[in-house]
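Coordinate-derived values only; no laboratory data. Remember, predicted model here, so these are calculated numbers, not experimental data. We place every Cβ from the backbone using ideal geometry, glycine too, and count neighbours over all the protein chains shown.
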Amino acid sequence: MISDDLAIDVFAASRATARDTSSIARPQQLTVYGAEWCRDCRRSKAVLDVRRVDYVYVDLAAQPARADEAEALTGRKSIPVLVFPDGEHLVEPTNAELCAKLDRAGL
């Protein structure tokens, strides 16, 4: 069984400024921004793996420059960030939130 842990802000607090995300391309496939040391990232990936959902994983520890992409979408530096092909994103979702979105997306 996959348990929900308390969300952890792994970076600084979110920025209060609005962001223009119109120039950011929507992914064709679910994209997960995270890091292996992040418990919430591992938990979210486990949910996706159990449900056999295909996704692209962006390891921010290995590719730190890509963190700007996730921050541009969310205005936050928290991970995991899950970006869906419909343009919607989730930041640090609980298992229930992630499963509900996957159900709505037919995944």
Span per principal axis, largest first, for the Cα atoms of region 31-105 (Å): 31, 24, 19
Inter-probe distance in nm under a simple model that places probes 7 Å from Cα toward Cβ, at D59 and A100: 3.3
5 angstrom amide H check on Y57, placed H, neighbours 5+ away: V32
Backbone HN-Hα couplings from phi across region 94-107 [Karplus 6.51/-1.76/1.60, Hz, Gly and Pro as x]: 6, 4, 5, 5, 5, 5, 5, 5, 4, 4, 4, 7, x, 9
Antiparallel bridge percentage (DSSP; both residues within region 31-105; nearest 5): 60
